[in-house]
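> Just dropping this structure here.
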Amino acid sequence: MATRSKMILGRVAQAIPVVMGVVVISFLLTRALPGDPAAYFAGPAADEASIAEIRETLGLDKPLFQQFFYYVGDLIRGELGTSLTTGQAVLTDLGARLPASLELTLVALLLSCAIAIPLGVLAATRPGTWVDHLCRVLVTAGVSMPTFFTGILLIYIFYYLAGLAPSPLGRLDFIYLSPPHVTGFYLIDAALAGDWETWLGALKQLILPATTLALFTLAPIARMTRAAMLSALSSDFIRTARAAGLSDRKVLFGYAFRNALLPVVTTLGMVFSFTLGANVLVEKVFAWPGIGSYAVEALVVSDYAAVQGFVLAMALLFVALNLVIDIAYALIDPRIGLN
Amino acid sequence: MADMTASTPDTTRRKGDTTLGHIVYVLRDNPVTMLAFAMLAFFLGCAFFGPALVPYDPLATNAARALEAPSWDHWFGTDNLGRDVFSRVIVATRLDLTISVAAVALSFVIGSILGSIAGYWGGWLDAVLNRCLDTIMAFPLFVLAMGVVAALGNTVENIIYATAIINIPFYARLVRAEVNIRRHSGFAQAAKLAGNSDLRVLAVHIFPNSLPPMMVQVSLNLGWAILNAAGLSFIGLGVAPPTPEWGIMVAEGANFIVSGEWWLAVFPGLWLMLAVFTFNLLGDGLRDIVDPRKRT
């Protein structure tokens, strides 16, 4: 147990320089954004003097080095600045929009795991059969699909041609009221409120964007599951287990699958990073009011506080997730803590 | 003397035969890779000769024939300004391929140099480089690319730089690992003892060993770079309209898909997918040739 907690502490310590690097990069990136925020705040009628005054109050006249320390100080106090477009604190904006993105991402990941992991296991246990070929075709096609194009194709087929899906505009059709805010996840909030009609409405809006993202993440998960299962099935302990007369089921799920799960969990971290990036595109296609579409709107008008907040939030989210995955890895790996 | 002159061309010819024979053997064994090479040739043909061969000017508008469905006149239909979608899709090949090839070449060169240095000399250089790469990898890569393009300015060159930056870690890590395992190997020490400088041993004797896995990475990366560039222009970064480019064409076509004009977005999207598919198939095929054990 001691080795395990030492390892977890070591892993947490490793994340610290990365977080510092992330803060430096996001600071530099947004200071390089074109456009002068002081001039923007001052408005079109401002003269030189008032722009200079605003620049001073924003701290933009200080040397870059000093600005960075102000920035870090603000960050520690949880201050991300004010968005120029919405006029609200960036933290509030991000907080309001994050649940929409997370709901989409998590549903998509669950969906793709539910399809990809069984598919990978089937392909690995029956190499050379149609399941295996289907898996290979899906994998190569999946990594070649631009998410924004898949989304548009799905809209055309299921909204325009088949009329099955609701119009791809946001999280909920305008005929429904959004459920009372508890978690910000409409599916959970509606279920908590017992409002199943709204729940169904939210689900209908969610299906197409979640499928788009799931198709995109299917490939790496299925591929990794298949490879990990193949290598687990060909290892000595499986032969021993078979020779000892254990049932196929026990060998497959009790031994092979549990061992194959480790690399799959690691891949999930990478997949999550791709999904966060792809989120931006999918949210634009489906007018999904998440943080991705917020960032795109902010980029267009060089709203530097908002972009900075977004980049930082994404990177920190990702660092935190990888940390959790590595810790989970240490917890489920039976080899750690035995010696 | 006569014997030598007779035998020299003989051996060279046989050597050529075996190399060619090997390639033919590998390709015959794997028709999918052959298909990928054929598709690559097609896309390269489009990039080189496309602009000269297309039936219409990709920028010429024709209000009288706007939003026409695909027909014999306009194979892929016309867009909302009456421009020929087929011509635009074909002409865009050059720009999209240029962006991805330039970006991948840049990250290949920079990644190779950084990775070689870190792998060969190790120590604090290695540690610093690794921390920097970790930091880049800590960002969702598409988000970082968005940030870079936004910060540097909205141009095609900056799309290339952004795509190059997010790809550098993959190359640097690969080269570092390959160089690191060989830096004390027998042939490297022999080359060193023969009086070669460190730099020469690294560049001429050690680095070339990492080229086969790098080629696989390049091919897989090209597809990814195209997707990335198209994604950036889809959200309005980089390439500006009316330039024909697949991502921006899909973005423009998206506005018409809900009213049923599917050809505006579907054809450029399909073309984009086909190009990425080609590079992915090629990468998988090359991987089978280079390292058959990694087949998944």
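The values are calculated or read from the model by the stated rules, or taken from the named source; none is laboratory data. Note that the structure is a prediction, hence the values are computed from the model and not measured. Note that we place each Cβ from the backbone using ideal geometry, even for glycine, and neighbour counts take in every protein chain shown.
> Mind counting the residues in segment B:81-104 that are surrounded by fewer than 18 Cβ atoms within 10 Å (Cβ to Cβ), under 26 Å from the mean Cα position of the chain (by Cα) and either among the hydroxyl-bearing types (Ser, Thr, Tyr) or farther than 24 Å from B:LEU44 by Cβ (or both)?
Count: 1.
> What pairs come up if the first residue lies in segment A:88-104 and is within 19 Å of A:LEU208 (Cβ to Cβ), the second is at pLDDT below 85 and part of a helix (DSSP H, G or I), and their beta carbons are under 7 Å apart, counting only those six or more places apart or on different chains?
Matching pairs, first to second residue: A:GLU103/A:TYR186; A:GLU103/A:LEU187.
> Filter segment B:169-181 down to the residues that are crowded, with 24+ Cβ neighbours inside 10 Å and not charged (D, E, K, R) and list them by number.
B:TYR171, B:ALA172, B:VAL175, B:VAL179
> Looking only at segment A:218-261, count every residue that is under 30 Å from the mean Cα position of the chain (by Cα) and surrounded by fewer than 17 Cβ atoms within 10 Å (Cβ to Cβ) and tell me the total.
Count: 3.
> Are any residues in segment A:313-325 within 13 Å of B:ASP134 (Cβ to Cβ) and more than 10 Å from chain B (Cβ to nearest Cβ), and if so, which ones?
Across segment A:313-325, the qualifying residue is only A:LEU323.
> Moving on. Kindly check whether there is at least one residue in segment A:276-292 that is at the interface with chain B (Cβ under 9 Å from one of its Cβ atoms) and of a type in the set (D, E, K, R).
yes
> Restricting segment B:125-167 to residues that are more than 14 Å from every other protein chain (Cβ to nearest Cβ) and closer than 22 Å to A:MET20 by Cα, which is surrounded by the most Cβ atoms within 10 Å (Cβ to Cβ)?
Among those that are more than 14 Å from every other protein chain (Cβ to nearest Cβ) and closer than 22 Å to A:MET20 by Cα, it is B:ASP126.
> Given (1) more than 14 Å from every other protein chain (Cβ to nearest Cβ); (2) in contact (Cβ under 8 Å) with a residue 40 or more places away in the chain; (3) surrounded by fewer than 20 Cβ atoms within 10 Å (Cβ to Cβ); (4) more than 22 Å from A:SER273 (Cα to Cα), identify the lone condition not met by A:TYR71.
Result: A:TYR71 passes all but (3).
> Give all pairs with beta carbons closer than 7 Å in which a residue from segment A:129-140 that is closer than 9 Å to A:LEU119 by Cα meets a residue that is buried (at least 17 other Cβ atoms within 10 Å of the Cβ) and modelled with pLDDT under 75; count only pairs at least 6 apart in sequence or on separate chains.
Correct list of pairs: empty, since none qualify.
> Determine, yes or no, whether A:LEU200 is surrounded by fewer than 22 Cβ atoms within 10 Å (Cβ to Cβ), away from every other protein chain (no Cβ under 14 Å) and closer than 23 Å to A:ASN279 by Cα.
yes
> When you go through (1) assigned to a loop (DSSP other than H, G, I, E, B); (2) modelled with pLDDT of 80 or more one by one for A:GLY337, which number turns out not to apply?
Unmet condition: (2).
> Can you list residue pairs whose Cβ atoms sit under 9 Å apart, with the first residue in segment B:79-95 being free of Cβ contacts under 8 Å to residues at least 60 places away in the same chain and the second being in a helix (DSSP H, G or I) and polar (S, T, N, Q)? Count only pairs 6 or more apart in sequence or on different chains.
none
> Do we have any residue at all in segment A:226-242 that's more than 13 Å from every other protein chain (Cβ to nearest Cβ), of a type outside the set (Asp, Glu), touching a helix residue (DSSP H, G or I) at 6+ places or on another chain (Cβ under 8 Å) and touching a residue at least 40 places away in the same chain (Cβ under 8 Å)?
Yes.
> Being of a type in the set (Phe, Trp, Tyr) and within 23 Å of A:VAL296 (Cβ to Cβ) is the filter; apply it to segment B:213-265 and report the residue that is nearest to the other protein chains (Cβ to nearest Cβ).
In this case the residue turns out to be B:PHE234.
Let's see how each residue does on (1) of a type in the set (A, V, I, L, M, F, W, C); (2) in contact with a His (Cβ under 7 Å, 6 or more places away or on another chain); (3) part of a loop (DSSP other than H, G, I, E, B):
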{"position": "A:ARG239", "(1), (2), (3)": "no, no, no"}
{"position": "A:ARG242", "(1), (2), (3)": "no, no, no"}
{"position": "A:ALA256", "(1), (2), (3)": "yes, no, no"}
{"position": "A:LEU268", "(1), (2), (3)": "yes, no, no"}
{"position": "A:PHE274", "(1), (2), (3)": "yes, no, no"}
{"position": "A:SER302", "(1), (2), (3)": "no, no, yes"}
{"position": "A:LEU312", "(1), (2), (3)": "yes, no, no"}
{"position": "A:LEU317", "(1), (2), (3)": "yes, no, no"}
{"position": "A:TYR329", "(1), (2), (3)": "no, no, no"}
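> Return yes when B:SER100 is in a helix (DSSP H, G or I) and either more than 14 Å from every other protein chain (Cβ to nearest Cβ) or more than 20 Å from B:VAL218 (Cα to Cα) (or both) and no when it is not.
no
> Okay, next question. Looking at the structure I just gave you, is A:ALA306 within 24 Å of A:PHE27 (Cβ to Cβ), facing another protein chain (nearest Cβ under 10 Å), assigned to a helix (DSSP H, G or I) and at pLDDT 80 or above?
Considered against the rule, which asks whether it is within 24 Å of A:PHE27 (Cβ to Cβ), facing another protein chain (nearest Cβ under 10 Å), assigned to a helix (DSSP H, G or I) and at pLDDT 80 or above, A:ALA306 comes out as no.
> Can you tell me how many residues within segment B:63-80 are of a type outside the set (Asp, Glu), over 15 Å from B:ILE248 (Cα atoms) and surrounded by fewer than 21 Cβ atoms within 10 Å (Cβ to Cβ)?
10
> Let me ask you something else. With the requirement that a residue be buried (at least 18 other Cβ atoms within 10 Å of the Cβ) and assigned to a helix (DSSP H, G or I), what does segment A:77-101 give you?
Of everything in segment A:77-101, those that are buried (at least 18 other Cβ atoms within 10 Å of the Cβ) and assigned to a helix (DSSP H, G or I) turn out to be A:VAL90, A:ASP93, A:LEU94, A:ARG97, A:PRO99, A:ALA100, A:SER101.
> Shifting gears a bit: Which number in (1) closer than 30 Å to A:THR147 by Cβ; (2) touching a residue at least 12 places away in the same chain (Cβ under 8 Å); (3) not basic (Lys, Arg) marks the one condition that A:ALA256 misses?
It fails just one condition, (1).
> If you don't mind, there's one more thing I want to ask. Give all pairs with beta carbons closer than 6 Å in which a residue from segment A:187-200 that is closer than 17 Å to A:PRO166 by Cβ meets a residue that is at pLDDT 80 or above and not hydrophobic (A, V, I, L, M, F, W, C); count only pairs at least 6 apart in sequence or on separate chains.
From segment A:187-200, the pairs are A:ALA190/A:THR198.
> Taking segment A:136-169 as the region of interest, how many residues are part of a loop (DSSP other than H, G, I, E, B) and within 9 Å of chain B (Cβ to nearest Cβ)?
Within segment A:136-169, residues that are part of a loop (DSSP other than H, G, I, E, B) and within 9 Å of chain B (Cβ to nearest Cβ) number 4.
> Right, another one. Go through the residues of segment B:173-192 one by one and say whether even a single one is within 14 Å of chain A (Cβ to nearest Cβ) and farther than 30 Å from B:PRO241 by Cβ.
Scanning segment B:173-192, I find at least one residue that is within 14 Å of chain A (Cβ to nearest Cβ) and farther than 30 Å from B:PRO241 by Cβ, so the answer is yes.
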